[in-house]
1. What helices (runs of 4 or more DSSP H) lie completely within region 547-596 and have 3 or more residues being surrounded by 15 or more Cβ atoms within 10 Å (Cβ to Cβ), at pLDDT below 85 and touching an Asp or Glu at 6+ places or on another chain (Cβ under 7 Å)?
2. Can you pull out the residues in region 5-28 that are surrounded by 11 or more Cβ atoms within 10 Å (Cβ to Cβ) and not in a helix (DSSP H, G or I)?
3. Output yes when any residue across region 284-293 is part of a helix (DSSP H, G or I) and touching a Leu at 6+ places or on another chain (Cβ under 7 Å), and no when none is.
4. So Arg502 fits all but one of (1) under 23 Å from Ala345 (Cβ atoms); (2) touching a Gly at 6+ places or on another chain (Cβ under 8 Å); (3) not in a loop (DSSP other than H, G, I, E, B); what number is the exception?
5. Specify the residue that is surrounded by the most Cβ atoms within 10 Å (Cβ to Cβ); the eligible residues are those in region 422-451 that are touching a Ser or Thr at 6+ places or on another chain (Cβ under 7 Å) and aliphatic (A, V, I, L, M).
6. Taking region 228-246, which residues are among the small types (Gly, Ala, Ser) and modelled with pLDDT under 95?
7. Residues Arg353, Arg357, Arg310, Arg340: which one is within 17 Å of Leu516 (Cα to Cα) and among the basic types (Lys, Arg)?
Amino acid sequence: MRTDRLVQGLFVALLLVLPAVLAPFYVTLLNYIGLYALVALGLVLLTGVGGLTSFGQAAFVGLGAYTTAVLSTTPELPGWIAWAGASPWLTLLVGLVFTATVAVVVGSLTLKLSGHFLPLGTIAWGISLYFLFGTLESLGGHTGITGISPITLFGVVLDAGEKIYYLIWAFVMVAVFTTQNLLDSREGRAIRALKGGMVMAEAMGVDTSRSRMIIFVIAALHACASGWLYAHMQRFVNPTPFGLHIGIEYLFMAVIGGAGHVWGALVGAGLITVLKQWLQDILPRLLGSAGNFEAIVFGVMMVLVLQRAREGLWPVLKKLVPVKAPQKTIDPAADTLPRRDLPTAGEVILEARNVTRKFGGLVANNDMNLTVKAGEILALIGPNGAGKSTMFNQLSGVDTPTSGEVLFLGKPVAGRDSREIARMGMSRTFQHVRLLPTMTVLENVAIGAHLRGGKGVFHAAWRQDRAEEARLLKEAARQIERVGLGSHMYEEAGSLALGQQRILEIARALCSDPCLLLLDEPAAGLRLKEKEALGDLLRKLRAEGMAILIVEHDMDFVMGLVDRVVVMEFGQKIAEGLPDEVQRDPAVLEAYLGGV
């Protein structure tokens, strides 16, 4: 049995026996830890993994609590919703649907924000919902709603802390299980790719807007379920537990436990809940009952934890237990992914016609024309500031030309999303390496195969995507071996040398099965032997019929490799031809090589 499974099994066994050996007070404390952990788990997915900071999760807890409170206590509901008042389980269903709807509406507005505007946006709607709960008379105002019926499960009325305990922790463990499964999947890699940058993720075919919305809704649903359980455990709700200060506390739980780790949510929720209780008991005896000394001590202790363990406490605890994350295995029996037919050698794959890009009064590209053919390597060179990167962005869909057009496989692509262009068969690397350093080489490369799979969130959460996942990982492993990084397959990408990281990016681009490969300074940082290996790889790809466009500064590498060269200066093309011809061109010698 795997060690991690054994530890998780022992944890579940401990949860099962605790109510039999603990006093009711501690069982209640464990209930609250479970409720808080459910919300913090959503924040691990949203903030720790997806990089989206939210202070408003307490409002979603309130939506779940107030939905079930209103439906359970209103004597005469409208006919269209009257059926929901018959059982708390039906109110859970309504609450989840309602919360998901609100999350989509709020998320469609909030998630368009970036930087510090995003957390400020979550604060705004969190405060709005909190005051809505306290203002509406139909929700009981600040007095709240009483008389909420207990949950009944298999004929057992869960009207005491030790009875609802098992239901709360069942919800938590299901959430842990499904979240782990989600992150260990194609959809999970797309979510984790958000931290690698939107441009990189979109270039690999990830719909970043969809991925952001998915984790926002999942986090909201976790909070809603926590609110539903809270309402039926307390049998009473009022706005107090759903304010902004509680939202900040939920975020603290996720960050202190380990925002990038699923089990960190449980650690953070347990630590903060128990610590607050101890401080509230001990400090009044030492310092008197006047003043909120526990809040001061709590804040200082949290700052110390964040200074000493910036990744949270879970990574620290993992070092104390010899548990290694399971290594992904490659199934040689998995089906091989289908490959696209490459165009005939010599066929024009990419064509730029009179492409001009202006930024205000600055003309970065001026009437640029170039073509890339199947089975050839074209180099785009020029001095710094010549407009090569801007042109590269016009061709790959990152930017849109002011005028002119870009044709890929005979179809106009200017103005299309990067992921649409990637689906057509264009893939790229980046001038500044864009990888996910804490993910393995295998997982980083598998991101490139995102468009070659189709299983969604539900399939991933319940492990119904294993056959597809095996195919994607087999393809990723094939590309890693192809570029010579097979011995590093299970190492973290951040541990590789810069040259190896650039080769890794090429493997990731190849994993999408492109017919056109755009390489932005692929030889930068490579040693001589690595450059020779890269050159051999690119020649092999060219022989297979792939078209390759390289932006590069290493002239020795370029001139001994490419078929044609396009030279730019001040946003314009000043020369085009065979490497030997370009090297003798007076305009090139003057502009790029410093004169004859």
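The values are calculated or read from the model by the stated rules, or taken from the named source; none is laboratory data. A quick note: this is a predicted structure, and the numbers were derived from the prediction, not measured. No Cβ is skipped: glycine too gets one built from the backbone with ideal geometry, and neighbour counts run over all protein chains shown.
1. Hits in region 547-596: none.
2. Once the filter is applied, which keeps residues that are surrounded by 11 or more Cβ atoms within 10 Å (Cβ to Cβ) and not in a helix (DSSP H, G or I), region 5-28 yields only Leu22.
3. Checked against the condition, which is being part of a helix (DSSP H, G or I) and touching a Leu at 6+ places or on another chain (Cβ under 7 Å), region 284-293 yields at least one hit.
4. For Arg502, the failing item is (1).
5. Met426
6. Gly243, the sole residue that qualifies.
7. Testing whether each residue is within 17 Å of Leu516 (Cα to Cα) and among the basic types (Lys, Arg) leaves just Arg340.
The rows are residues; the columns are (1) of a type in the set (Gly, Ala, Ser); (2) outside any loop (DSSP other than H, G, I, E, B); (3) within 19 Å of Ala509 (Cα to Cα).
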residue: Met368; (1), (2), (3): no, yes, no
residue: Pro383; (1), (2), (3): no, no, no
residue: Glu405; (1), (2), (3): no, yes, no
residue: Phe430; (1), (2), (3): no, no, yes
residue: Val433; (1), (2), (3): no, no, yes
